[in-house]
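S.K.: The structure is given below, and queries will be raised subsequently.
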Amino acid sequence: MIGFQTERYAFFYKSKANLHTIEYTTPQAYLIDKDRFSCYDIAYMSSGIINALLDIIYPKTCLACKRNLKGIAAVDNLVCRECWGKIKRNLPPFCYSCGRHLENSYLAKHICGRCVKIPLRFDRAFSPCVYEGVTKDLIHEFKYKGKDYLGHALSRLMIDFIKEYDLPIEYMDAVVPVPLHKTRLREREFNQAEILSEHIAREFGKEVLGGNLIRHRPTRTQTELETEERFLNVSGSFSLKDSRAVRGKNILLVDDVLTTAATSSEAASVLKNSGAQIVYVLTLAN
Ligand SMILES: [Zn+2]
Ligand SMILES: [Zn+2]
């Protein structure tokens, strides 16, 4: 069965299956698993008509600036090139701990002022983008507006960063997504960190170790809290189902955003306490 890579079709399929398991590589049709989408055969058969109708009802717009994408170059047919070009990249030198751009005054120590104050439990963190402007808007669309199909384009930024800065991905044994609590996962229907992890792992031929690290306690939304409260809020919220799976391993822990780093630091401490050797954190933005 043939499916279609458009936001409108994602709208059709959303409740049926997680679209993030599908690789979107071209703006053309792609092959999908017939069994999983069988009740949408009608959408396929009437695709021409439906496509034309949807173009009128739901004109495809850039997920950042919302302008109509008809005839405009766009990344994955989702974000116009102009907005994509506005994504602010993190530039070296990077803090040896949190991965933010390091100001001159901290250069000698290799660690930024925040990380001097609160030491983090992972070995190093990296982020290709600065969490502001277009990046912030796109992460919001990805995470809170159900646009899981943005994961392909966003993960490319992380993959390109790994390649550009030659991160030691060859020494990583597994990619671990930062988990959501089951209640939040039910609300959101997908874990954005898992989607990013799957794309990254596939690119570098790594294993995704999902479902082992769990968030057994729901936590308050971190955005409402001050730095110290954030660390307290997530303290003791993670655990591992099977610690043997990470013992002696080098782990790449993946999430969408690193702000205070409280969440990834806490998750890393659980992995390390269970015997993980190196824990690097890779987030899309910081
Ligand atoms: Zn745009
Ligand atoms: Zn830092």
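The values are calculated or read from the model by the stated rules, or taken from the named source; none is laboratory data. Quantities reported herein were computed from a predicted structural model and do not represent experimental measurements. Reconstructed Cβ throughout: ideal geometry from the backbone, glycine too, with neighbour counts over all protein chains shown.
S.K.: Select from the range 70-102 the residues that are in a loop (DSSP other than H, G, I, E, B), buried (at least 19 other Cβ atoms within 10 Å of the Cβ) and not polar (S, T, N, Q) and list them in ascending order.
M.R.: D76, L78, I87, C95, C98, G99, R100, L102
S.K.: Of the residues that make up the range 235-249, is at least one among the basic types (K, R) and part of a helix (DSSP H, G or I)?
M.R.: yes
S.K.: To continue, here is another question. Take the residues in the range 186-208 that are assigned to a helix (DSSP H, G or I) and among the acidic types (D, E), then tell me which one is modelled with the lowest pLDDT.
M.R.: Going through the qualifying residues, I end up with E187.
S.K.: Looking only at the range 55-69, count every residue that is within 24 Å of K143 (Cα to Cα) and either more than 11 Å from ligand 1 (Cβ to nearest atom) or not in a loop (DSSP other than H, G, I, E, B) (or both) and tell me the total. Break it down stepwise before answering.
M.R.: Taking the range 55-69 first, the residues within 24 Å of K143 (Cα to Cα) are 58-69.
Those left that are additionally either more than 11 Å from ligand 1 (Cβ to nearest atom) or not in a loop (DSSP other than H, G, I, E, B) (or both): 58-61, 68.
Going through the range 55-69 one residue at a time, the tally reaches 5.
S.K.: So, in the range 266-280, of the ones that are buried (at least 24 other Cβ atoms within 10 Å of the Cβ) and among the small types (G, A, S), which residue ends up nearest to C115 (Cα to Cα)?
M.R.: For the range 266-280, the residue satisfying everything is A268.
S.K.: Follow-up question, since we're still on this one. Kindly list the number of the only condition in (1) of a type in the set (A, V, I, L, M, F, W, C); (2) modelled with pLDDT under 95; (3) surrounded by 16 or more Cβ atoms within 10 Å (Cβ to Cβ) that fails for L154.
M.R.: (2)
S.K.: Scan the range 115-143 residue by residue and report those that are touching a residue at least 12 places away in the same chain (Cβ under 8 Å) and assigned to a helix (DSSP H, G or I). Before the answer, list the steps.
M.R.: Just the residues of the range 115-143 that are touching a residue at least 12 places away in the same chain (Cβ under 8 Å), to begin with: 115, 118-139, 141-143.
Answer for the range 115-143, where residues must be touching a residue at least 12 places away in the same chain (Cβ under 8 Å) and assigned to a helix (DSSP H, G or I): C115, G133, V134, T135, K136, D137, L138, I139, E141, F142, K143.
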